[in-house]
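Just below is one structure, and these are the notes that go with it.
The values are calculated or read from the model by the stated rules, or taken from the named source; none is laboratory data. It should be emphasised that the depicted structure is a prediction, and the values quoted were computed from it without experimental measurement. We place every Cβ from the backbone using ideal geometry, glycine too, and count neighbours over all the protein chains shown.
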Amino acid sequence: MGSSSAFEQFNYILATLRMKRNDNLILVQTHDFPDHDAVASAFGLGRLLERLSFKVRLVHRYPIRSHSLNAMIRDLNIPLEQISGELDPECAEAPCILVDGSPNNANAHPLSSNLIAVIDHHVNPGELPLPFVDIRTSYGACSSIIADYWQEAELIPDRQTATALLMGIQIDTDFLSRRVSPADLDAHHRLFFQADWQFSTQVVKASLSIPDLQAFNYATNHFYTQGNLFFTMLPTDCTQELISILADFFLRLREIAVSVIVESGGTRYHVSVRSRTPDISAATVVRLALAGIGEGGGHDHMAGGIINPAAHLDEQALFRRFVKAVETAQENQ
């Protein structure tokens, strides 16, 4: 990215943009199914842009399916808007910045026709002909990138912003226990005492409720395994955090290296995949398994996707797809 910092290049593009437009409105969009890191990144970037005298709207496409994320949005007063249809005319051509996602990946479809920047930490399959692209695949959380921008701007985030960014880092790195880079550790250290870390811990660690135990009971009694793959398909409508926690839970079994949880009780089938071996990429597995019936993506250790219910696959047929996907991912490693 040259000798100048990413933020300096970003700020230069913003200054050029400001000179070309009569208004200073910028859209900051998360990936389509926002999680804590995506929302925190959008909020943190939005607050920084406001410090730079821009007007900001934080937007996303699909409903949020997480109790703890809804609590984070509510209690930190994050002004995130779901856009289920088309943008209003005022915003349809507004400059848009996509965070924690890329239009080259399956989970991020820009709402505006004027995408000017992508800030992400997922693997990017292809070039992006945009004024600004900052993709740092070594980072465990996109929130760490935004925290770096604040530091490079020589600004201190307010307590709400620091708390959101801290939560984004904690969730995506599982409290600094997976895929952590030195940059994530540095950002976590800077933010920890600026943030309300007690609120962060309380909200994130109290994300389940007693009725969720039924899903654990079902999954431990209705599952398929083959080789090092664990697969279960839940017939109920679950929160995103529940299927994510289940995927992490079953990965703790010594015999299991890849866990797949499918939630089939909602209008869309949601999938969560985990891998704890470098030989099998979770992102590759979900893309291969859902080819032609849905879409998915993510990281080597953690990925997700959605299945079109019109595919009408039973759980054994879906299990066989994941068995084949795991085999192919391992062969191609």
| query | Looking at segment 300-326, which of its residues are over 23 Å from Ala219 (Cα atoms) and touching a strand residue (DSSP E or B) at 6+ places or on another chain (Cβ under 9 Å)? | reply | Asp300
| task | Kindly provide the set of residues from segment 1-55 that are over 24 Å from the mean Cα position of the chain (by Cα) and of a type in the set (Gly, Ala, Ser), ordered by number. | result | Gly2, Ser3, Ser4, Ser5, Ala15, Ser53
| query | Hey, among the residues in segment 150-196 that are touching a residue at least 60 places away in the same chain (Cβ under 8 Å) and part of a loop (DSSP other than H, G, I, E, B), which one's surrounded by the most Cβ atoms within 10 Å (Cβ to Cβ)? | reply | Pro157
| note | Cβ pairs under 6 Å, 6+ apart or interchain, first in segment 304-325 and among the aliphatic types (A, V, I, L, M), second buried (at least 21 other Cβ atoms within 10 Å of the Cβ) and modelled with pLDDT of 95 or more, ordered by first then second residue, are Ala325/Val285; Ala325/Ala289
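Do you know which residues across segment 11-33 are assigned to a helix (DSSP H, G or I) and either among the aliphatic types (A, V, I, L, M) or more than 12 Å from Phe54 (Cβ to Cβ) (or both)?
If we filter segment 11-33 for residues that are assigned to a helix (DSSP H, G or I), which is where we start, we get 11-20.
Those that are assigned to a helix (DSSP H, G or I) and either among the aliphatic types (A, V, I, L, M) or more than 12 Å from Phe54 (Cβ to Cβ) (or both): Tyr12, Ile13, Leu14, Ala15, Thr16, Leu17, Met19, Lys20.
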| query | If you go through segment 116-149, how many residues are free of Cβ contacts under 8 Å to residues at least 60 places away in the same chain and β-branched (Val, Ile, Thr)? | reply | 4
| said: Of all residues being touching a strand residue (DSSP E or B) at 6+ places or on another chain (Cβ under 9 Å) and in contact (Cβ under 8 Å) with a residue 40 or more places away in the chain in segment 204-226, which is nearest to Val39 (Cα to Cα)? Just the residue, please. | reply: Ala219
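Can Pro34 be described as at pLDDT 90 or above and over 26 Å from Ile245 (Cα atoms)? Full working, then the answer.
Working: at pLDDT 90 or above: yes; over 26 Å from Ile245 (Cα atoms): no.
No; evaluated as a whole, the condition is false for this residue.
This table checks each residue for (1) among the basic types (Lys, Arg); (2) farther than 13 Å from Glu263 by Cβ; (3) modelled with pLDDT of 95 or more.
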position: Trp197; (1), (2), (3): no, yes, no
position: Thr232; (1), (2), (3): no, no, yes
position: Cys238; (1), (2), (3): no, no, no
position: Ile245; (1), (2), (3): no, no, no
